[in-house]
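The values are calculated or read from the model by the stated rules, or taken from the named source; none is laboratory data. Computed from a predicted structure; not experimentally measured. As a convention, Cβ positions derive from the backbone with ideal geometry for all residues, glycine included, and neighbour counts pool all protein chains shown.
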Amino acid sequence: MGRWEPDAEGRLREAAMGLFVEMGYDETTVADIAERAGLTPRTFFRHFADKREVLFNGSERLQQAMVDALAAAPADCSAIDAVAAALDASSAFFASNREFARRRHAVIAASAELSERELIKLAALSAALAQALRGRGTPEPDASLAAEAGIAVFRVAFALWVKKAEKRSFGEIVGASLGRLRALASS
């Protein structure tokens, strides 16, 4: 495939993921990724700051979509219902490309460094949701509790969604997980 072919970012992402699965994250270099994609390392760095960003690129967009959905929830809804709106918005990010998400999940789980980065991203997402809840008038500690509960639902739903045998959509799993959380809280 020529270097001028379209979707260099997508080609780099697919090449990286394939190599991360085959060789391991630590053993894969940017040069390896670029070569497999039929591109140059320089082109790689036009799209990604480093090889970690292949895995974490887009988390800012996800966070913004979730915060925007939370902020747009009806003013009279509870904090957990506002978080549910944010979780619903996250479903659009996981509507397709489940196989890529499965491979990404496996690569991250196999690396302490990447797992730590994932936890940092989730902590930042929780903080952003809590801030948005405070902006809606939810006091502390309720804002932080609701945001952390939402992240727990997100993590559990994602772990279920990437299982090979799972057929439900991410949104369906989020809804079921949120329902289970509500049932646990009321018992």
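Points worth noting:
- Matching option when the condition is loosely packed, with under 13 Cβ neighbours inside 10 Å, assigned by TED's automatic domain parsing to the domain that holds Leu122, more than 20 Å from Val153 (Cα to Cα) and in contact (Cβ under 8 Å) with a residue 60 or more places away in the chain, among Ala75, Ala110: Ala75
- Restricting attention to the range 21-54 and to residues that are under 18 Å from the mean Cα position of the chain (by Cα) and under 16 Å from Arg103 (Cα atoms), the residue that is surrounded by the most Cβ atoms within 10 Å (Cβ to Cβ) turns out to be Val54.
- Residue, farthest from the chain's Cα centre (by Cα), within the range 159-180, restricted to residues that are of a type in the set (A, V, I, L, M, F, W, C) and buried (at least 18 other Cβ atoms within 10 Å of the Cβ): Leu178
- Against the list (1) more than 14 Å from the chain's Cα centre (by Cα); (2) over 18 Å from Val67 (Cβ atoms), the condition His105 fails is (1).
- Within this structure, Ala89 passes the test of being part of a helix (DSSP H, G or I) and in the same structural domain as Ala123 (by TED's automatic domain parsing).
- For Asp142, the conditions (1) under 30 Å from Asp50 (Cβ atoms); (2) modelled with pLDDT of 95 or more; (3) surrounded by 15 or more Cβ atoms within 10 Å (Cβ to Cβ) all hold with the exception of (1).
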